[in-house]
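Structure, as structure tokens:
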Amino acid sequence: MKQEMIVNCRQSEECRIAILEDGVLEELYIERTSQNNFVGNIYKGVIVNIEQSIQAAFVDFGVGRNGFLHISDVEPCYFKQVPDWPQREQVLEEQWQARYGHREDRFPVYDEGLRNRPRFKPPIQELFRRGDEVLVQVIKEGIGTKGPTLSTYISIPGRYLVLMPSLGRVGVSRKIEDDTVRRKLRQMLLQLDPPEGLGFIVRTAGADRNQKELSRDLAYLMRLWEVIVRRIQKMPAPIEIYEESDIVIRTIRDVFSSDVDSIVIDEPAAYERAKDFLQFVMPRQVSRLQLYSGKEPVFHKFGIDREIARINRRRVPLKGGGSLVIDQTEALVAIDVNSGTFRTDEDAEETAYQMNLIAAKEIARQLRLRDLGGVIVNDFIDMKREANRRNVERTLQEAVRRDRAKTRMLRTSPFGLIEMTRQRIRPSLKRSVFQECPCCHGGGVVKSPESMALDVFRALELAAQNSGIAKVRVSLADDVVDYLNNRKRLELSTIEREGNVEIVIRAQPDAWPEHMEIECFDAGNKPLPFSLM
């Protein structure tokens, strides 16, 4: 399989990065300079408000919008300042032992209680006061009126390691499942003698690296942490302590691997930054970096612009004639699987099963490309056989495994739905690229001319009841005016005769479909106030 990373930075306002596999778009990252990106940045902030009812604090971290810090994102080192914290922790431990302790050896992995071993969390008002300084990291962009989400769990990624100051130990990414590899990596990291009190996690990209490469990454993270500590000690809050790398460096650091055959960049400055980064962390891979100098836009040459245009459509065609219909709301994404003209030589059950397998793979791809998050409900075609349902679940689970965002999936419900959640870090691609339509206000529909005509008649009847009104002038969209003049002249004449009022209907050029402007005048042509409310 041929993998390529295509970087389009020719327009200074926007940077786009696409990951292709055999020419098919599998991942897409877009960032604009007009949209402030705070995710991953570390700040020294000030507590400005505490909401006990939702157990959260609002933090001024110097960007103009207060961040949201929930008690679940406060690391345990802050709990130690609570006077009776050890006693409360001990009580909770005793309760857990009484309930689950006897099963710890028998069910070390699968028992729900053992997996969710509780820890004491004091109320947030016992941890912070207004004016307290706190070190936070942005973990989710603000969406709509909501401010950015913050956490006191600090993590600084390198190429192969992640520095987690509060962890206090070494570990290996859960995505590395081979126990032999995990033990080897852990031993290699311990042999590097990491500083006591700091924590380090080996990333998935470090699975096949040697000790020298890990050592280089460890030294880089330690130098960076020393700079951060100095800034924390010297700089007054609120202030930025650490800024994440730009999207080009960040994507190469997090996504690039030995499987990627080439990185094509169309902007010289971005190319030089990427080259310097690769020479520092992966000198053997510099030869895979290419500067694109063609006159044809790089995304057009590789056929990516056509794919991006399809991403934003509501309906996604599938192989064989089926389709997906994707609807996004504020907190939920609904995905409907349609069989369309897709048929197999077997029975209806086999047709539904094969269509659902194709749809499951495409759903995972669309979630990545559109960067959809929150609750996702997948409405697959109904299947009667339990084995088929389980296979569709496994196919979807396997397809989302490559996703860098955390996902959690439930089993098929009795209604044939598969519910899942996907980590939402920043607004979806749709919300980043498009703005709300001023005509439909994001609803996707506007009133028909017939419906608008009915609204006009109700308004005219209300105006005709006022004996002081002698003339009513209504401005409408062209389609509505045509409908009234061609189909409703008799009804308009009736209102004029019975209300003793003159009605003037006129078209407003370039008006939106639901535009309706009503002006009322007395017998002397003096404007009169009028309201439908």
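The values are calculated or read from the model by the stated rules, or taken from the named source; none is laboratory data. What you see is a predicted model; the values in this text were computed from it and never measured. As a convention, Cβ positions derive from the backbone with ideal geometry for all residues, glycine included, and neighbour counts pool all protein chains shown. In case anyone asks, the SASA skips ligands and DNA or RNA and just uses the protein heavy atoms, side chains included. Shrake-Rupley method; radii C 1.70, N 1.55, O 1.52, S 1.80 Å.
Data overview
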| read-out | value |
| --- | --- |
| Estimated FRET transfer efficiency when R0 is 25 angstrom, pair Leu454-Val377 (beta carbons, to 0.05) | 0.10 |
| Under 17 Å from the Cα of Lys488 - aspartates and glutamates, other chains or at least 8 residues apart | Glu450, Asp455, Glu461, Asp478, Asp479, Glu496, Glu498, Glu502 |
| Partner lysines for Lys384 [C-alpha distance under 28 Å; skip if fewer than 8 residues away on the same chain] | Lys319, Lys361 |
| Taking only Cα atoms of segment 414-533, radius of gyration then Dmax in Å | 20.8, 70 |
| Extension gain, Glu496 back to Thr204 (0.36 nm per residue minus Cα-Cα distance, nm) | 97.4 nm |
| Spin-label model distance (nm) - Val24 vs Arg186, 7 Å beyond Cα toward Cβ | 3.7 nm |
| Portion, in percent, of the accessible area of the chain that falls on carbon or sulfur, probe 1.4 Å | 49 percent |
| Sparsely packed GluC sites (Glu not before Pro) within segment 366-459, loop by DSSP, other Cβ within 10 Å at most 15 | Glu436 |
| Sparsely packed trypsin sites (Lys or Arg not before Pro) within segment 1-56, loop by DSSP, other Cβ within 10 Å at most 15 | Lys2 |
| R0 of 35 Å, Cβ-Cβ distance Gln435-Gln211: FRET efficiency to nearest 0.05 | 0.10 |
| Accessible area (Å², per residue) of the chain, counting only protein heavy atoms and a probe of 1.4 Å | 55 Å² |
| Long-range HN-HN contacts of Phe200 with modeled amide H, under 5 Å | Met164, Arg169, Val170, Gly171 |
| Inter-probe distance in nm under a simple model that places probes 7 Å from Cα toward Cβ, at Gln52 and Ala507 | 6.5 nm |
| Amide N proximity, segment 329-358 versus Asn391 label position 7 Å along Cα-to-Cβ, cut-off under 16 Å | 343-358 |
| Relative contact order (%) - segment 296-341, alpha-carbon pairs under 8 angstrom, separation at least six | 25 percent |
| Value of relative contact order over the chain, rounded to a whole percent, pairs C-alpha under 8 Å and six or more apart | 11 percent |
| All aspartates and glutamates inside 17 Å of Lys80 as judged from Cα atoms, apart from same-chain residues fewer than 8 positions distant | Glu89, Glu93, Glu126, Asp132, Glu133 |
| Set Lys406/Lys430; Lys184/Lys406; Lys44/Lys121; Lys212/Lys234 screened for pairs whose C-alpha atoms are more than 31 Å apart | Lys212/Lys234 |
| Ser287 accessible area, 1.4 Å probe, all protein chains in place, Å² to nearest 10 | 100 Å² |
| Antiparallel content of DSSP bridges confined to segment 312-457, in %, to 5 | 80 percent |
| DSSP beta bridge pairing in the chain, given as percent antiparallel to the nearest 5 | 75 percent |
| Unit Cα scatterers, Debye sum, the chain: log10 I(q)/I(0) for q = 0.06, 0.09 Å⁻¹ | -0.45, -0.89 |
| Sites Asn312 and Asp522, calculated FRET efficiency, Cβ-Cβ separation with R0 51 Å, nearest 0.05 | 0.50 |
| Label-point separation, Ser245 to Glu398 (7 Å along Cα→Cβ), nm | 3.3 nm |
| Segment 273-397: antiparallel DSSP beta bridges as a percent of all, rounded to 5 | 65 percent |
| Where Val325, Val181 fall by accessible area, highest first, once all protein chains stay in place (1.4 Å) | Val181, Val325 |
